[in-house]
Amino acid sequence: MPARVTGRRARRARRPGAWLGWLFVAPAAVVYAVFVLRPLGLTVQYSFYDWNGIGASTWVGLENYTRLFTEPELFATILHAFELILFFSLIPVLLALFVAATIRGIAQSRLALVARTVLFLPQVIPLVAAGIMWSWLLSSTGLANELLSAVGLGGVTRAWLGDFDTALPAVGVIGAWVLVGLCTLLLLAGMSKIDTALYESARLDGAGPVREFFAITLPSLRQEIGVCVTVTVIAALASFDVVYISTQGGPGNATMVPGLEIFYLAFSEREVGRASALAVVLVALVLAVVLPIQRLTRDGSR
């Protein structure tokens with residue numbers, strides 16, 4: 001019997017299907033290795049050198065990493081990214097839960113279709129265009145200040161993206177506007193999979209809409225919420241385009257984030273080593289935040 005099993009395994013190994021799958025995967029694997037793994041490895045390598053991108057490089061060891069956490073301006077970029085999580089992740093997910101539950105209650109009406117379309121529209125608009133549009137809206141003579149003045153709040157008007165106190169929250173509002181539609185659609189898709197019999201049973205027991213939401217809807221959306229939080233946290237930590245278009249990191253360094261700082265260090269200041277070190281730290285931060293979220297979501301689905 002063991003000899004038969006061994007022979008069967010050998011014949012199965014000689015079948016084309018044993019290596020044909022790897023043959024199909026090979027082109028994508030080569031592209032991934034050349035354009036993702038190799039640049040990632042080179043970035044780690046460059047992070048240990050002082051290099052301007054052209055001339056000879058000098059080994060500096062962990063000096064580039066030490067400077068990231070000892071120079072206030074560089075460390076502040078990391079703190080700004082974590083502050084943006086509040087706007088890019090927490091606010092969109094909470095708003096999306098409320099909006100998705102509301103749309104689900106009027107799912108058969110035309111208003112629900114219109115709401116889904118309007119909310120998802122920011123995902124279709126290029127982020128560069130969104131940044132330009134919001135720069136106009138939040139300027140000192142923009143629509144936001146005009147509306148505030150019209151309702152008698154002219155005293156609080158300001159250049160929202162040009163004020164040290166409001167620039168970062170204003171960028172966060174742009175990010176929240178972009179991401180709330182995506183989170184809403186993801187949560188609506190999750191709500192469509194919930195068995196309606198659960199809601200009928202809850203109503204028979206006298207549960208109201210609020211009780212239904214916290215007892216049935218919210219626990220059933222654990223995986224979808226995990227996806228929303230993962231996507232939005234990555235968007236906050238790796239933010240670049242919206243910040244670059246709307247403020248370019250200003251005023252001063254009030255809205256400077258790691259992605260933008262990497263760009264300036266590498267291409268403006270020719271500090272490729274420091275830029276690479278910040279990029280490695282950024283990847284590590286993203287993994288440190290996202291992997292626990294994924295683990296909690298996976299454990300909750302068992």
Practice problem: Could you tell me whether region 245-258 includes any residue that is more than 21 Å from Trp136 (Cα to Cα) and in a helix (DSSP H, G or I)? | Solution: yes
Quiz item: Do we find that Asp165 is farther than 25 Å from Ile103 by Cβ, free of Cβ contacts under 8 Å to residues at least 12 places away in the same chain and among the charged types (D, E, K, R) in this structure?
Solution: yes
Quiz item: In the set Gly53, Gly7, which member is modelled with pLDDT under 90 and under 14 Å from Glu271 (Cα atoms)?
Solution: Gly53
Exercise. Report, by residue number, each residue of region 51-90 that is part of a helix (DSSP H, G or I), in contact with a helix residue (DSSP H, G or I) (Cβ under 8 Å, 6 or more places away or on another chain) and hydroxyl-bearing (Ser, Thr, Tyr).
Key: Tyr65, Thr77, Ser89
Practice problem: Select from region 123-134 the residues that are touching a residue at least 12 places away in the same chain (Cβ under 8 Å) and surrounded by fewer than 18 Cβ atoms within 10 Å (Cβ to Cβ) and list them in ascending order. | Solution: Gln123, Val128, Ile132
Exercise. Scan region 260-274 and give yes if some residue there is of a type in the set (A, V, I, L, M, F, W, C), buried (at least 16 other Cβ atoms within 10 Å of the Cβ) and touching a Lys or Arg at 6+ places or on another chain (Cβ under 8 Å), otherwise no.
Key: yes
Quiz prompt | Subset of region 190-230 [more than 14 Å from Gly105 (Cβ to Cβ) and among the β-branched types (Val, Ile, Thr)] | solution = Ile225, Val227, Val229, Thr230
Quiz item: Restricting to helices (runs of 4 or more DSSP H) lying wholly in region 91-184: which have 1 or more residues that are among the hydroxyl-bearing types (Ser, Thr, Tyr) and closer than 28 Å to Leu79 by Cβ?
Solution: 127-137
Quiz item: Conditions: (1) part of a loop (DSSP other than H, G, I, E, B); (2) in contact with an Asp or Glu (Cβ under 6 Å, 6 or more places away or on another chain); (3) among the small types (Gly, Ala, Ser). Gly273 meets all but one. Number of the miss?
Solution: (1)
Exercise. Could you grab me the full set of residues in region 256-302 that are of a type in the set (S, T, N, Q) and without any contact (Cβ under 8 Å) to a residue 60 or more places away in the chain?
Key: Ser268
Practice problem: State whether the residues of region 235-242 include one that is over 18 Å from the mean Cα position of the chain (by Cα) and either not β-branched (Val, Ile, Thr) or not in a loop (DSSP other than H, G, I, E, B) (or both). | Solution: no
Practice problem: Consider Thr247 carefully, then state whether it is surrounded by 15 or more Cβ atoms within 10 Å (Cβ to Cβ), closer than 23 Å to Thr102 by Cα and within 25 Å of the chain's Cα centre (by Cα). | Solution: no
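The values are calculated or read from the model by the stated rules, or taken from the named source; none is laboratory data. Predicted model, so just to flag it, every value in this text is computed and none were measured. In this analysis, Cβ positions are derived from the backbone assuming ideal geometry, glycine residues included, and neighbour counts consider all displayed protein chains.
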